[in-house]
1. Scan the range 187-206 for residues that are surrounded by fewer than 23 Cβ atoms within 10 Å (Cβ to Cβ) and touching a residue at least 12 places away in the same chain (Cβ under 8 Å) and jot them down.
2. On the given criteria, is I220 within 30 Å of R260 (Cα to Cα) and of a type in the set (V, I, T)?
3. Taking into account only those residues within the range 71-80 that are at pLDDT below 85 and not hydrophobic (A, V, I, L, M, F, W, C), which is farthest from the chain's Cα centre (by Cα)?
4. With the range 282-374 as the region, which helices (runs of 4 or more DSSP H) entirely inside it contain at least 2 residues that are within 20 Å of M253 (Cα to Cα)?
5. Take V172 and tell me if it is of a type in the set (V, I, T), crowded, with 16+ Cβ neighbours inside 10 Å and either assigned to a helix (DSSP H, G or I) or not assigned by TED's automatic domain parsing to the domain that holds I250 (or both).
6. If you check I68, I33, I77, which single one turns out to be in contact (Cβ under 8 Å) with a residue 24 or more places away in the chain and touching an Asp or Glu at 6+ places or on another chain (Cβ under 8 Å)?
7. For the range 17-70, which positions are under 24 Å from K96 (Cβ atoms) and hydroxyl-bearing (S, T, Y)?
8. Of all residues in the range 277-295, how many are under 10 Å from G205 (Cα atoms), under 41 Å from the mean Cα position of the chain (by Cα) and buried (at least 18 other Cβ atoms within 10 Å of the Cβ)?
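The values are calculated or read from the model by the stated rules, or taken from the named source; none is laboratory data. What you see is a predicted model, and the numbers here were worked out from it, not measured in a lab. Here the Cβ positions follow ideal geometry from the backbone for every residue, glycine too, while neighbour counts run over all protein chains shown.
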Amino acid sequence: MTTECALQTNRDRDRLCLTFLGSWTIHTPLCAIPAIHPLFSPPVTTLCFNTDNLNEWDSRLLIELSRIIDLAESQAITVDNQGLPPGVRNLLQLTKQNKDKPSAAEKTTTPGFLADLGNHTLGFLRESQEMVIFTGEIILAYSRFFLGRARFLKEDFFYFLYDCGPQSLPIVTLISFLVGVILAFVGAVQLKMFGADIYIADLVGLGMTREMGAMMAAIILAGRTGAAFAAQLGTMQVNEEIDALKTMGISPMDFLVIPRMTALIMMMPLLALWADFIGILGGFFIGCLTLDISASLYYEQTIKAITLNHFSVGLIKAAVFGYLVAFCGCLKGIQCGRSASSVGKATTSAVVTAIVFIVMADAAFTFLFNIIGV
């Protein structure tokens, strides 16, 4: 058995067959390779290979085969690679796929306006479809949850309750207090001109209970908890932990999504109530110190301005906002790719999408409540 490499050619009418002999490795001395290009002259239309007497091979054979195949394809000659070892065929296929990918220059080419518009439209439709599918999976997961068939750890659920609620109180307290202060200052500038300083209590109370309390708490949790959900699930996707759950017959929706989503939906109304109280306290602080309004008068005016309907509006919004934040965080985490950069993109997308949905939902609720007179 020869250990030297050799290449023989056999031409039969319109078929050219190349026979590889010996060892085609980088450690084998170079052998004389006949000129292939002149053999591709008419009437040759097909190129085939024979490796029955090929002892061993490595990248050297792949390089030579790639050169020959490229030359044949440039002459519009059909390549029949069935005579090659399966490993060689697979590697050649990978090489061809890499060649077919667009180059860096092609990637940086700016598409036309219509092409760009079409790509964005298709991307929007694809994301909308994914959201609808994920919503259906959530409904199925909650149906299993209420039937007692969902599999998840109660310890995880209580941890997420603690993380979404008490752990969020400091930042929610600070932001809500400052929002109340800002509302009071903005109102004071205008109301003071008309001698209606006392109505700052109405402005701050209604603004916090109906709008700003729930919205600011939701935006804070979108940047804090929603981003954390996306990063956690995205990292699990990278580490193939979600695939492992599916292999063990455990639904990721039940085990990962339901505890997070339920905890956030339950905690958001409570955080909104706390934000309402702290925001009103911030307005009270400004009204009493800068506008010389007595504490008792400010308190009485606030009680008159705020009704149970105003609190109900804020709590309904807060529950929906909690669902939207958890939905975006879990969706982007589950859809995350398999790289570190994908985790970063999923986290950013979760926060941005959640904030957009919160503002859209708040506008829709405001319009709806105005129609029904609530």
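1. Passing the criteria: A188, L191, K192, D197, I198, Y199, D202, L203, L206.
2. On the way: within 30 Å of R260 (Cα to Cα): yes; of a type in the set (V, I, T): yes.
Yes.
3. Only one residue tops the list, namely Q75.
4. On the way: elements: 295-305, 308-334, 340-372.
Filter on the range 282-374 gives 308-334, 340-372.
5. Taking the combined requirement at face value, the residue satisfies it.
6. I33
7. Scanning the range 17-70 gives T19, T25, T45, T46, T51, S59, S66.
8. Summing the residues that are under 10 Å from G205 (Cα atoms), under 41 Å from the mean Cα position of the chain (by Cα) and buried (at least 18 other Cβ atoms within 10 Å of the Cβ) in the range 277-295 gives 3.
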